[in-house]
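Below is one structure; the comments refer to it alone.
The values are calculated or read from the model by the stated rules, or taken from the named source; none is laboratory data. As the structure is a computational prediction, the values presented were derived from the model and not from experiment. Every residue, glycine among them, receives a Cβ derived from its backbone with ideal geometry; neighbour counts consider all protein chains shown.
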Amino acid sequence: MDAPPTKRRKVAQEENEDDELIRPRFAPTLQQSRAGALMLSGGYLVPVHVNRFLRQYQREGAEFFAKRYSEGRGGILADDMGLGKTIQVIAFLAAIMEKHNDRRDLDRRANYVQDRQDAGIGADRGQVDVEAIRRWPTCLIAAPKTLVGNWERELETWGHFEFGVYAGKDRETVLRTFQLGKLDILLTSVDTLKRDIALLQSLPFGCIFVDECHSAKNPASRMVEALHSFDCLVRFGMTGTAVQNSYEELWCILDFAAPKQVGELSDWKKCIANPLRLGQAHDADRKTRNIARAVSKALNTRILPLHFLRREKHDPNIKLALPKKSDHVVFCPLLDPQRSVYERFLAQEVVQRMVRKNELCDCGSEEKRSKCCYPFDKADMLRYMDIILKVSNHPILIMPGPKSTPEQNIRNQGLCDIAWPSMRRPKYADVAFSPNLCGKWKVLLTLLRDWRKKPEEKNKVLIFTRSVQLLDFIDFNLKSSDITFERLDGTTKQSERMATVDRFNLDPDIFAFVISTLAGGTGLNLTSANKAVIFDPNWNPAHDMQAMDRAYRFGQQRDVEVFRLLSEGTLEENIYQRQVYKGHQSQIAYNAAEPTRLFDAVQFTKEKEGELFGIKNILTLRPKHDDKNMQHRIERAELQGLDWALQNVDGPVDEDKSVRIIILHPALPSDPDSRSPSWATSSSPRPKSS
């Protein structure tokens with residue numbers, strides 16, 4: 001029997017209201033609409049409205065959390081950047097918190113606490129209502145400050161979570177709200193957590209999540225000390241770069257998630273880190289290599305599966321859902337004024353003392369120079385490394401500027417006396433925005449012009465740099481070149497970040513986005529871009545990888561090209577080679593990969609500094625247009641089964657014929673039996689520099 005018209009209207013109205021309150025508000029495909037709820041370990045259900053939008057590997061990630069949660073332990077989710085770690089966490093939390101993702105979740109805790117207070121069983125003023133808090137599981141989420149806003153947005157998109165942001169002047173109010181049992185989730189920054197750990201460590205959290213947990217990689221840091229002080233032992237970490245610089249960092253985050261389950265750091269170094277490092281060397285003997293293989297296999301089959309889950313974008317089940325990514329390393333020649341300044345700093349007596357420190361002293365004592373007549377301050381090495389890195393990007397970085405402190409001005413005036421010794425020192429205004437003092441700008445402008453000549457490709461470009469002065473320089477020259485762009489740096493207000501991102505993503509007329517690597521290298525979704533340029537590489541490859549993956553992530557519909565600009569022959573080449581070395585470390589640790597052994601060097605081993613480590617490899621400038629060393633290294637890479645090619649850029653041709661662009665294309669081979677690039681097997685000559 002049909003309901004009366006008024007009743008039918010009421011039912012229809014309620015259904016429409018329910019539709020409005022369902023989270024997330026995405027329109028499912030026919031196949032997605034057929035999905036039901038997902039059962040996890042412990043009997044927890046991922047709501048149907050969430051599960052229907054998850055990819056299979058994301059469901060496995062939610063299960064990874066649930067299994068460990070139900071067993072009272074933690075773990076590390078170390079998926080590649082851009083694979084949706086945040087969504088996997090939210091799916092797990094929705095399951096353990098018994099969410100429905102509809103109207104039933106609205107104000108659930110607030111109503112429950114009010115009922116307790118009305119019944120006279122709520123907490124007295126100033127007390128913690130432990131029973132109310134534990135009615136449903138609770139969670140602490142700590143993330144870098146720049147990602148807190150992203151977590152807010154995702155929590156609101158994917159459910160009706162009752163959460164509070166523990167930050168700023170509202171911290172006391174938010175903390176009290178949690179203590180009363182009115183919040184599912186306490187969201188804060190890692191810096192705030194570290195500062196207020198005494199207030200947070202004993203709260204009855206059901207579980208703890210630390211986003212970008214690789215920041216807690218130093219066992220002696222206050223951050224690690226704070227994380228280990230929580231009463232809650234169900235601790236989860238999220239990172240795309242568990243191994244950034246050394247194998248010891250992996251131990252540190254595992255020890256946070258699984259305290260005392262992976263031994264002491266000294267044991268880890270002796271049994272895991274040192275054997276893997278020695279086995280990675282190009283000249284490692286057979287015994288050393290076999291030991292490294294056995295250790296790598298044990299790490300990947302016996303230790304990591306208990307506490308660690310990682311999936312990569314090139315995994316077969318994931319790769320099919322993503323377009324291609326090409327990674328190009330672009331060697332940019334220094335312009336003559338840059339090269340002259342660079343050479344003057346290397347010629348300084350203090351630099352030569354460092355470079356020649358192990359030579360016998362010329363006084364006849366048969367002692368090393370550094371132990372006899374030519375001592376030096378070890379701090380000078382870091383100081384001159386910083387100086388030559390700045391010069392390799394733009395000399396403006398060593399000049400006194402309008403925003404410099406008096407101390408910086410005095411120091412930089414001294415640097416200018418070295419850079420321009422017997423000539424009239426250029427004015428700041430003349431140098432600050434001059435494109436004729438920056439070899440990288442010449443190359444970048446060449447690439448940008450070429451991409452703009454192809455409107456049918458609808459190219460959009462991300463440009464990352466670590467320096468605010470370089471941001472200003474690029475900003476000025478983009479405007480001078482009539483190139484439309486957005487900008488995001490450390491001065492961008494938190495409330496304006498997402499609006500800036502949305503303008504770039506949605507406006508087809510905005511061609512470029514200039515971004516500070518530290519301020520915008522994580523947590524941003526910039527999938528409208530199909531090109532990414534790293535203007536100045538970081539010692540830590542993870543920072544560059546995170547920047548690249550702002551564009552190469554789920555939601556990207558086009559192939560992505562990444563261009564890393566290196567000043568040819570400078571310290572930046574050494575940084576890149578170290579990045580390659582560290583990237584191999586990651587693959588050995590995560591996947592028990594066979595080391596590619598490109599280098600003789602062994603990290604943290606003075607006797608084996610090789611071509612990577614040590615002062616001589618840092619404070620040097622390779623001869624102009626000398627590509628022999630790099631070609632030799634490429635050929636060695638070929639023997640390890642990689643597909644490398646050294647070639648001139650196809651397409652972009654700068655009007656200034658002095659601009660020479662060499663692009664190195666590192667990529668995984670499509671044919672595992674392929675061992676040589678085309679120019680190494682054909683009768684045609686190798687590509688030469690123009």
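Out of Ser189, Ser221, Ser202, which single residue is at pLDDT 90 or above, out of contact with any helix residue (DSSP H, G or I) (no Cβ under 6 Å at 6 or more places or on another chain) and small (Gly, Ala, Ser)?
Among Ser189, Ser221, Ser202, only Ser202 is at pLDDT 90 or above, out of contact with any helix residue (DSSP H, G or I) (no Cβ under 6 Å at 6 or more places or on another chain) and small (Gly, Ala, Ser).
Quickly run through the stretch 66-84 and pick out the residues that are in a helix (DSSP H, G or I), out of contact with any Cys (no Cβ under 8 Å at 6 or more places or on another chain) and surrounded by 21 or more Cβ atoms within 10 Å (Cβ to Cβ). So that I can check it myself, show each step before the final result.
Initially, the stretch 66-84 is screened for residues in a helix (DSSP H, G or I), giving 66-70.
So of that shortlist, the ones also out of contact with any Cys (no Cβ under 8 Å at 6 or more places or on another chain) come out as 66-68, 70.
Residues satisfying the conditions are Ala66, Arg68.
Scanning the stretch 484-494 for residues that are in contact (Cβ under 8 Å) with a residue 24 or more places away in the chain and polar (S, T, N, Q), which turns out farthest from Leu447 (Cα to Cα)?
Filtering first and then ranking leaves Gln494.
Residue check: is Thr241 assigned by TED's automatic domain parsing to the domain that holds Lys99, of a type in the set (S, T, N, Q), buried (at least 17 other Cβ atoms within 10 Å of the Cβ) and in contact with a strand residue (DSSP E or B) (Cβ under 7 Å, 6 or more places away or on another chain)?
no
Of (1) part of a loop (DSSP other than H, G, I, E, B); (2) farther than 21 Å from Leu346 by Cα, Pro375 satisfies all except one. Which?
(2) is the only condition that Pro375 fails.
Kindly list the number of the only condition in (1) at pLDDT 90 or above; (2) out of contact with any Pro (no Cβ under 7 Å at 6 or more places or on another chain) that fails for Asn245.
Here Asn245 meets the rest and fails (1).
Residues that are among the charged types (D, E, K, R) and under 27 Å from Asn574 (Cβ atoms): does the stretch 322-335 have at least one?
Yes, that holds for at least one residue.
Just to check your reading of the model, which residue among Phe473, Phe464, Phe433 is under 15 Å from Leu565 (Cβ atoms) and touching a helix residue (DSSP H, G or I) at 6+ places or on another chain (Cβ under 6 Å)?
Of Phe473, Phe464, Phe433, the one residue that is under 15 Å from Leu565 (Cβ atoms) and touching a helix residue (DSSP H, G or I) at 6+ places or on another chain (Cβ under 6 Å) is Phe464.
Out of all the residues in the stretch 464-483, is one or more in the same structural domain as Leu518 (by TED's automatic domain parsing), free of Cβ contacts under 8 Å to residues at least 12 places away in the same chain and closer than 22 Å to Val501 by Cα?
Yes: one or more hits.
Checking His282 against (1) surrounded by 14 or more Cβ atoms within 10 Å (Cβ to Cβ); (2) touching a residue at least 40 places away in the same chain (Cβ under 8 Å); (3) not in a loop (DSSP other than H, G, I, E, B), which test does it fail?
(3)
Kindly indicate which of Asp430, Asp450, Asp417 is assigned by TED's automatic domain parsing to the domain that holds Asp536 and in a helix (DSSP H, G or I).
Asp450
Name the residue that is surrounded by the fewest Cβ atoms within 10 Å (Cβ to Cβ), counting only residues in the stretch 461-520 that are in a strand (DSSP E or B) and aromatic (Phe, Trp, Tyr). Can you show your working first?
Going through the stretch 461-520, the residues in a strand (DSSP E or B) turn out to be 461-465, 485-488, 512-516.
Going one step further and asking which of them are aromatic (Phe, Trp, Tyr), we end up with 464, 485, 513.
Values: Phe464: 27, Phe485: 17, Phe513: 27.
Restricting to residues being in a strand (DSSP E or B) and aromatic (Phe, Trp, Tyr), the top hit is Phe485.
Considering the stretch 178-196 alone, what residues qualify as being part of a strand (DSSP E or B), farther than 21 Å from Gly126 by Cα and not polar (S, T, N, Q)?
Leu187
Inside the stretch 185-208, can you point out the residues that are touching a residue at least 24 places away in the same chain (Cβ under 8 Å) and farther than 17 Å from Ala143 by Cα?
Within the stretch 185-208, Leu199, Ser202, Leu203, Pro204, Gly206 qualify.
In the stretch 53-91, which residues are aromatic (Phe, Trp, Tyr) and under 24 Å from the mean Cα position of the chain (by Cα)?
Tyr57, Phe64, Phe65
Residue check, Phe205 against (1) buried (at least 22 other Cβ atoms within 10 Å of the Cβ); (2) part of a helix (DSSP H, G or I), all met but one. Which one?
Condition not satisfied by Phe205: (2).
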